[in-house]
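Let me begin by presenting the structure, written as structure tokens, before commenting on it.
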Amino acid sequence: MVMQQLVEDREEVMSSTKANGAPADPLAPAVTVHVAEGRHAERPAAAAADEAGNKGARRSAMQTSTIGYADQFISLQREAVGELIGTFLFLTLGFGVICTATLGNVQLSLASIAAIWGIGVALGIGVSSALSDSHLNPAVTLAMVLFRKFEGKRAVVYWLAQVGGSTLASLLLGCVYLPQIKAYSTHTSIDALTNATTVECNGGDIHPLPFQIGWPGLPNDERTPPGAILAYEALAAAILVACVLRLDPGNGKPQHLGAAVCALILVFAPLSGAGFNPARDLGPRIASAVLSVHAAPCLAGFGGGEWWPYTLGPLIGAALGGGLHALGSGLEKKHKEHDKEHDKKQKQLSELAVYGV
């Protein structure tokens, strides 16, 4: 009787669950859920567990995404600090030696000035390499974007940090030398802050170099026109970028790049002032405007001249230098593959000779 009653109860439960659309097995525990029509339905606890697992997975994915964004933000902050510090250091030394030569009446040759700039670049790369990729130059960053798949958002951060480092270096030296700068600018109508790598010092006398457009007292035929300055800056930047891509500052070769900068300054300073770095030109302009040191000519141009050759020239040179490096790398790779294939054939011929074939 008991067994018969159990069978009847089981059949009754099964028929009831089938009518409600739930699974027929009454042994599986069920949970109550609300359906769209407002009725109550039952389903196995396993399905509820799967839904809970999916929610947990989605929550975990959102947390992981949030952590990823936070890590990226921290990484960008670190790289920005590295670029700012490196640019600030090397331009403080570079601008500083110009202030010494221009305002301190110290006899320094162009070679001495170029050497300090080269040392500054090497130190800037060495100090910042642990924090960033040590570009220290918007033109180099652009080349990395075009030829090394450098992310655009990272490039923007690098550019802002580089211009910021240049501006801070200019403001520091502007404050230190402010009385001398005002006296110098008033006497010569030339902005000393933008006068980096632009003077020859012979016996303590300061002589403007031929490229300095817009400077009073220079005959027109002794001035380099803006278009020529742009070409010189593009050429110098192309050489520099090709060296950077070949040497790679991250490989611990800052002294080589410092030597390259020194050599380029010796060659191009008499022609264009040897800027080949937009940040190196824009920073002093901003600082001069902030300090109100001969602000109008400063905002009008480099050393009283145009601004655009010193910004566009290096950026054009970055594309040219990067393309030149890419071409050379492609030829080098093809040559290595050819040598590898040649060595393989030679090895096969040697093996055949051993067997007397």
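The values are calculated or read from the model by the stated rules, or taken from the named source; none is laboratory data. Treat the numbers as computed from the prediction; the structure is a model and nothing was measured. Methodologically, a virtual Cβ is constructed for each residue, glycine included, from the backbone with ideal geometry; neighbour enumeration extends over all protein chains shown.
What the table below lists for this structure:
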| read-out | value |
| --- | --- |
| Scope region 110-138; condition within 19 Å of V163 (Cα to Cα), out of contact with any Asp or Glu (no Cβ under 9 Å at 6 or more places or on another chain) and among the aliphatic types (A, V, I, L, M); matching residues | V121, A122, L123, I125, V127 |
| Count - residues of region 78-104 that are crowded, with 24+ Cβ neighbours inside 10 Å and either assigned to a loop (DSSP other than H, G, I, E, B) or charged (D, E, K, R) (or both) | 1 |
| Filter result for V156 (modelled with pLDDT of 85 or more and closer than 25 Å to Q107 by Cα) | no |
| Of the criteria (1) in contact with an Asp or Glu (Cβ under 9 Å, 6 or more places away or on another chain); (2) surrounded by fewer than 19 Cβ atoms within 10 Å (Cβ to Cβ), which one Q107 fails | (1) |
| Among (1) out of contact with any Pro (no Cβ under 7 Å at 6 or more places or on another chain); (2) modelled with pLDDT of 90 or more; (3) assigned to a helix (DSSP H, G or I), the one test that C175 misses | (2) |
| Cβ-Cβ under 7 Å pairs, at least 6 apart or on other chains, region 165-190 side within 21 Å of F88 (Cβ to Cβ) and among the aromatic types (F, W, Y), far side modelled with pLDDT of 80 or more and part of a helix (DSSP H, G or I) | Y177/C99 |
